[in-house]
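The values are calculated or read from the model by the stated rules, or taken from the named source; none is laboratory data. Just so you know, these numbers come straight off a predicted model, no measurement behind them. We place every Cβ from the backbone using ideal geometry, glycine too, and count neighbours over all the protein chains shown.
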Amino acid sequence: MRPAAISVSTRSTFTFDHDAFGRRPRELIEQARTQIAQAIGATPASIVWTSGATESDNLALSGVAKFHGDRGKRLRCLQSRYG
């Protein structure tokens, strides 16, 4: 994370867009979204930030289920372990 984002994100009043302390991190996040999208040939709107692996996995599985929705209403998953 860039120093400008770190210094602002450690403040207890950190919020996006509501004050000067939130605008700069928001700009940095949107800049990163655009850079990543360009690097992989995607649109910035298709880049989604998540808080962790479980949320990312669930989002990916939801996308797969919606894409293959014409094949039925069940999604078969295997149990896995972290580690």
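Things worth noting here:
- Where a residue in region 27-54 is farther than 30 Å from Q79 by Cβ and its partner, wherever it lies, is outside any helix (DSSP H, G or I), with Cβ under 7 Å and at least six apart: L28/R2; R33/I47; I36/I47; A37/T43; A37/I47
- First in region 55-73 and touching a residue at least 12 places away in the same chain (Cβ under 8 Å), second anywhere and surrounded by fewer than 12 Cβ atoms within 10 Å (Cβ to Cβ) and not aliphatic (A, V, I, L, M), Cβ under 8 Å, 6 or more apart: L61/C77
- Members of region 46-83 that are of a type in the set (G, A, S) and under 30 Å from P25 (Cα atoms): S46, S51, G52, A53, S56, A60, S62, G63
- Residues located in region 13-47, provided they are modelled with pLDDT under 90 and either touching a strand residue (DSSP E or B) at 6+ places or on another chain (Cβ under 9 Å) or outside any helix (DSSP H, G or I) (or both): T13, F14, T15, F16, D17, H18, D19
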